[in-house]
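Everything on this sheet refers to the single structure shown next.
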Amino acid sequence: MSFEFQIDGVAVTASPGQTIMEAADAAGIYIPRLCDVDGLRHQGGCRVCTVKAGGRSVSACTQPAEAGLQVENDTPARTKVRRDLVEMLFHEGNHLCPICEKSGNCELQAMAYRLEMTAPTRFPWLEPCRDLDASHPDVALDTNRCISCGRCIRASQDQDGKGVFGYVGRGIHRRVAVNGADLAHTNAAVTDAAIGVCPVGCIIRKGEGFSTPIGERHFDHGLIGHEIEGKRK
């Protein structure tokens, strides 16, 4: 039996077992996210989807919706937290948007635009020097751009049944690695689900860079989340 709760004062209908984010998506209310994507189990790792529900901060992608719950999503306080998190992701990696083949299709870049963060300057640039693995004939792995969203790990485990990707290191030194000497010595294939779920330019298909003209790229058509918001009547 369905029930109702509120997001920023708007009544939202949910079904038992739905998360706050799932119910919000169905209602046409966009909650920013980077680690969560349709088809993968929820992780709650990036914390960009953090909302205030019942007076406490929770990740909307993992928190079940409850009848009568009062959720704060699109507020100045939530926006500031999200902007800080996204800005730190830029400072922790090497995201050279003007020359990145993912530009215009990158969710991190698009999230920065949505949050009106165009010049990250408040934190020290860590400027890591990470390996670029171009050993595979069809796929390249540039961990300088990794944001530790875990999408490739979950997709490789749950959808491809391979477990090609996994984390190594801890804290700001954590990065995605592969279960072989390099990517060429794994059973990764260009058609794997894990290859297509990366939100940034960390995992890219060779031979496709800059193939979409400016103006026709995914986020040239609207801010990230506009498809969800388009569901609202």
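The values are calculated or read from the model by the stated rules, or taken from the named source; none is laboratory data. Bear in mind the structure is a predicted one, so any value in this text is a computation, not a measurement. Please note: Cβ atoms are built from the backbone with ideal geometry, for glycine as well, and neighbour counts cover all protein chains shown. Please note that ligands, DNA and RNA were not included when accessible areas were found on the heavy atoms of the full protein model with its side chains. Shrake-Rupley method; radii C 1.70, N 1.55, O 1.52, S 1.80 Å.
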ask   = List pairs: first in segment 219-230 and in contact (Cβ under 8 Å) with a residue 12 or more places away in the chain, second acidic (Asp, Glu), Cβ under 7 Å, 6+ apart or cross-chain?
value = 224/107; 228/25
message = Is it the case, given these coordinates, that residue 106 is open to solvent by less than 10 Å² (accessible area, probe 1.4 Å), under 15 Å from the mean Cα position of the chain (by Cα) and of a type in the set (A, V, I, L, M, F, W, C)?
response = no
inquiry  = Looking only at segment 172-211, how many residues end up being within 20 Å of the chain's Cα centre (by Cα), hydrophobic (A, V, I, L, M, F, W, C) and farther than 21 Å from residue 158 by Cα?
reply    = 1
inquiry  = Checking the condition more than 20 Å from residue 87 (Cα to Cα), of a type in the set (A, V, I, L, M) and either open to solvent by 30 Å² or more (accessible area, probe 1.4 Å) or within 20 Å of the chain's Cα centre (by Cα) (or both), which residue from 155, 119 passes?
reply    = 155
inquiry  = For the structure I just gave you, tell me whether residue 191 is surrounded by 14 or more Cβ atoms within 10 Å (Cβ to Cβ) and either modelled with pLDDT under 95 or not acidic (Asp, Glu) (or both).
reply    = no
message = Six or more apart or on different chains, Cβ atoms under 8 Å: show the pairs whose first residue is in segment 170-186 and assigned to a loop (DSSP other than H, G, I, E, B) and whose second is open to solvent by 50 Å² or more (accessible area, probe 1.4 Å) and β-branched (Val, Ile, Thr).
response = 174/168
task = Could you pull out the residue among 135, 156 that is assigned to a loop (DSSP other than H, G, I, E, B) and at pLDDT 95 or above?
result = 135
note = residue 101: passes all of (1) more than 22 Å from residue 196 (Cβ to Cβ); (2) modelled with pLDDT under 95 but (1)
query = Do you know which residues across segment 194-208 are open to solvent by 40 Å² or more (accessible area, probe 1.4 Å), over 16 Å from residue 135 (Cβ atoms) and either touching a His at 6+ places or on another chain (Cβ under 8 Å) or in a loop (DSSP other than H, G, I, E, B) (or both)?
reply = 208
task = Take residue 41 and decide whether it is basic (Lys, Arg), assigned to a loop (DSSP other than H, G, I, E, B) and surrounded by 14 or more Cβ atoms within 10 Å (Cβ to Cβ).
result = no
query = Do we have residue 69 as in contact with a Gly (Cβ under 7 Å, 6 or more places away or on another chain) and over 29 Å from residue 156 (Cα atoms) here?
reply = yes
request  = Keeping to segment 1-27, report how many residues are assigned to a loop (DSSP other than H, G, I, E, B) and either surrounded by 16 or more Cβ atoms within 10 Å (Cβ to Cβ) or of a type in the set (Phe, Trp, Tyr) (or both).
outcome  = 1
query = Do we find a residue being open to solvent by 20 Å² or more (accessible area, probe 1.4 Å), at pLDDT 95 or above and within 18 Å of residue 225 (Cβ to Cβ) anywhere in segment 52-72?
reply = yes
